[in-house]
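Report on the structure given below.
Here, each number is a calculation from the coordinates, and none is a lab measurement. These numbers were taken from a predicted model, which means no experiment stands behind them. We place every Cβ from the backbone using ideal geometry, glycine too, and count neighbours over all the protein chains shown.
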Amino acid sequence: MPRDARKDFMIMCDVLRRLAQLSGKCWRNKMDIDKSKLTQETKDNYESLTIHKYPMKAEDLERLIKQSPNGDCLRLDRFYLPPLDADKDFIPVLSLKCNFRNAPPKIGLRIGMFSYDSNKSLRVFGFRFESGIIDSNHDYCHGQFTKKLFEDELPGMPDRMPETYPCILTPAKCPVSLIFCMLISFYGKKIQNTSVFSDLNLDSRYKEPLEYLNYAQAWSRV
């Protein structure tokens, strides 16, 4: 594996570890990343969803990282992201698949948005953030709606959803910066003030795409 790809993989794993710790703390303490209390609806939806999709723990993530044959591939699901501060009734759950043997490395992020209606029926829709497909019309890092979240079929998906367009360009140039774009899209600029990014060793190669989001000043302190 190329040296840059190995570095990308190691930093990605570090970000995921930090994110797992932050998310676990938020859900245990029933608060969002601003330390505001969760609504009762959020807590009820989380408890109902975890019965069917038991959350991945930090130790589960570590085991999967160690099981990667050459330290260059990772696949995970049931990774609960921190609670949202808006649209609070939706529970965001991440699945990830990456292969850093490729040149360039490939990564796919899928985030399911889960909620229950007044009849306790599950409602689901999803987003995907992906690196570009070489020599295709989508040869750039992008985000889209999706109905395909996990291997198992899920009830509650809309019958119809646009899955090809819009294909929204993201200012990402590598798998790590794509994860940053995903986090910012869900949590805004406030995510930079959390433990996910505190003392995280980043060089200009990772910071550059985030300057498009007016992050240059904020990231100069990292």
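In table form, for the structure just shown:
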read-out	value
Residue exposure sequence - R160, R128, R75 - by fewest surrounding Cβ within 10 Å	R160, R75, R128
Selection from P83, M31, L49, by position along the positive dipole direction of segment 3-219 (Cβ)	M31
In segment 41-115, GluC sites (Glu not before Pro) in a DSSP loop with at most 11 other beta-carbon atoms within 10 Å	none
Gain upon complete extension [I51, Q21; 0.36 nm per residue less C-alpha separation]	8.7 nm
Neighbour net charge for S195 - beta-carbon separation under 11 angstrom, K R +1, D E -1	+2
Local electrostatic count, D14, Cβ distance below 15 Å [Lys/Arg +1, Asp/Glu -1]	+1
Relative contact order, percent, segment 3-219 [alpha-carbon distance under 8 Å, six or more residues apart]	16
Eligible lysines near K120 by straight Cα distance, threshold 23 Å, same-chain separation 8 or greater	K30, K37, K43, K53, K88, K147, K148
